[in-house]
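Contents: one structure, followed by commentary.
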Amino acid sequence: MATGIRRDMHLRQDKVYSENNIPKAVKDSKSSGIIAPRRPVLNDISSNLQINQNANQKGKITITKPTIQVTKPTTRLASNLNRTTTSITSKVKPSLSTSKTVLKVNSGLHESVSNIPKAIVRPKTAGLVKTYRGTLTRSSSLKNKSVVLTESQKKEQDWITACKVDAVDKSDEYDPFLVGAYSKPIFTYMMTLEDQYIIKPDYLANHKYITASNRSVVVDWLVEVQQEFQIMQESLYTAVGILDRYLQEDQNVARNKLQLIGATSLLLGCKYEEIYVPEITDFVYLSDNAFTKDQVKSCLVEVFRTINYSLSRPFSLTFLRRFSKVSGARSSQHSLAKYFLELALIDYNLAHVKPSEVAASGLLLAIVITNDPELDDNPEDVNSLLSLYWSDLIQKHSTYKVDQLISTVQSLARLALNAPEWKYKAVYKKYQSAKMGRITTSSLLSSPAMMFIARTC
C-alpha cells in the first residue's frame, strides 16, 4: 500500500534476482524471455476441488501439450554484474600547470595501491565545495528556526506538534521516508479500514458449491504461484483478501471457477503492489490451461466490480512491521511471526480475524517461544505466560490486551505444530528454504512453550 509507511528493509525479502538465480531456465535470445520448465506441482487443481470422482474409469488418455513460453521481465542488473572490466583508461589532470597525462590502470587483483602514481589521487576539496547538510525536503527547514516559514509550513509544524509524536517515532519525526510524525494517524486510519472491510465468520456456510477445504486448496496454490513468479508477499496478502471479499459477496460461485477467481485475485494484487506485473498467459500456463486468457480478462472486471473497486483493505504483514518496530523485536522473532501469519492465510477458521489481531498474536507467540522456550518461568496458565511479554507500550500501539489475543495465539500455535502433517504444505516448504531462514527446521516450533500454549484451556 502506497501509504509511505516504513518497510523494514533488513527484514524484507531481497527482491533483486539475477539471471543466474533462475533455476532450470533457458534464455531465449529472440524473445528476450525465459522458457519456464514444466512444474507438475503447479497444475490444474480442479481435480482437488471435486467431491465425487468416477472410480470406474478403465482407460488412460495421454494428452500432449505444446511448450508455452513464459515471458518474465528482466532487468539490466544481471548483465551488468556479468561484465568484467579488463582495463580502465582515464584522463587525469594533476594540476593547472602541467599537461594532460593519460594513464592506463589494470584491474588485476594482484596490483597493490602503492604502485598507483600519486598523480591520480583525488585532490582535497576543502574550501572549494560547501558541504550540504540536511535532507532534500522542506522538513529540514522545520528544524532550523532561523528560516522564515511559509504559512503552509507553519500549519504543518503546528499539526506535527499537536500530534505529540511518541518516543518510538521521535528519531523518524522529520524523515521523509519513515514519516514518524504521521505514523500514529496512519495506523489509526488503517484500523478503521479493518472495520470497513470486515470478513464475516464462516462466510462460506451459505455457499452451494464452495467449501472451506476448497478455499484452502486455492490459497495453497497461490502461495506456490507467488514463489514461482518471485513476487512480493504484499501481493499474496492482498490477493487472499480480495478472494475472501469476493466469495463473501457472491454465494453462487461454481467449484470449477474457483481457481480462475484465485488467479484473478493474485493478478489484481500484483497490479496494486508490483512494478512488473506477470502476464496473463503466465497464469494460464501455471494453471495447466485450466482457463483461458479471455476468461481471466472477463473475471478481472467481475471481481473488481464485486469488491467495489477498492483494494485498500490492510493486511496483517503491514501491522506486523509496525508492532515489531514498537516492541523492538529481533529479526528472528519477526521471521517467526511472518511464518505464523502465512499459515493463517490458508486456515479458513482465521479468515474472519482482523489483520491487526493476527499480526499482534503472531508477534506475541514468536516473542514468547524465543524468550522462554523451556518454560523456566513456570507459568500457571497461558494468560500469565503471555502477560509476561506483552508490555504496556505494545499494548498501547496495538490497542489489544492479552485477554483479546489468547484465542488467536493458541490457534496459530496449533497451526505451527500441525504444519508438518498438514496437507497444505506450500507455506511449510517455502519456509524450509535457506532464503527464508529455514524457519520450519527450528526446534522452537516444537518446544515445551509452544505445546503449552497450543493446548486447549
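The values are calculated or read from the model by the stated rules, or taken from the named source; none is laboratory data. Keep in mind that this is a model prediction, so the values were computed, not measured. For neighbour counting, all protein chains shown are included, and Cβ atoms are generated from backbone atoms with ideal geometry for every residue, glycine included. Note: accessible area is taken over every heavy atom of the protein model, side chains too, but ligands, DNA and RNA are not part of it. Shrake-Rupley method; radii C 1.70, N 1.55, O 1.52, S 1.80 Å.
Key figures
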quantity: Condition broken by A329, with the remaining ones in (1) among the hydrophobic types (A, V, I, L, M, F, W, C); (2) part of a loop (DSSP other than H, G, I, E, B); (3) modelled with pLDDT of 95 or more satisfied; calculated: (3)
quantity: Subset tally (residues that are farther than 24 Å from I199 by Cβ, of a type outside the set (A, V, I, L, M) and outside any loop (DSSP other than H, G, I, E, B)) for segment 351-393; calculated: 6
quantity: Unique residue being among the hydrophobic types (A, V, I, L, M, F, W, C) and in contact with a Lys or Arg (Cβ under 8 Å, 6 or more places away or on another chain) when the list is I186, I231, I210; calculated: I210
quantity: Hits in segment 207-234 (condition: over 18 Å from V284 (Cα atoms) and of a type outside the set (D, E)); calculated: H207, K208, Y209, I210, T211, A212, S213, N214, R215, S216, M232, Q233
quantity: Unique residue being within 21 Å of P201 (Cα to Cα) and surrounded by fewer than 22 Cβ atoms within 10 Å (Cβ to Cβ) when the list is L388, L345, L341, L350; calculated: L350
quantity: Residue that is farthest from S361 (Cα to Cα), among those in segment 394-443 that are in a loop (DSSP other than H, G, I, E, B), open to solvent by less than 60 Å² (accessible area, probe 1.4 Å) and polar (S, T, N, Q); calculated: S433
quantity: Residue satisfying condition, being farther than 14 Å from P355 by Cβ, β-branched (V, I, T) and either in contact (Cβ under 8 Å) with a residue 60 or more places away in the chain or outside the structural domain of Y272 (by the TED database) (or both), within set V253, V240, V225; calculated: V225
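Per-residue answers, yes or no, for (1) open to solvent by less than 30 Å² (accessible area, probe 1.4 Å); (2) closer than 26 Å to L311 by Cβ; (3) not aliphatic (A, V, I, L, M):
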{"residue": "K155", "(1), (2), (3)": "no, no, yes"}
{"residue": "E173", "(1), (2), (3)": "yes, no, yes"}
{"residue": "Y189", "(1), (2), (3)": "no, yes, yes"}
{"residue": "D202", "(1), (2), (3)": "no, yes, yes"}
{"residue": "H207", "(1), (2), (3)": "yes, yes, yes"}
{"residue": "S216", "(1), (2), (3)": "yes, yes, yes"}
{"residue": "L222", "(1), (2), (3)": "yes, yes, no"}
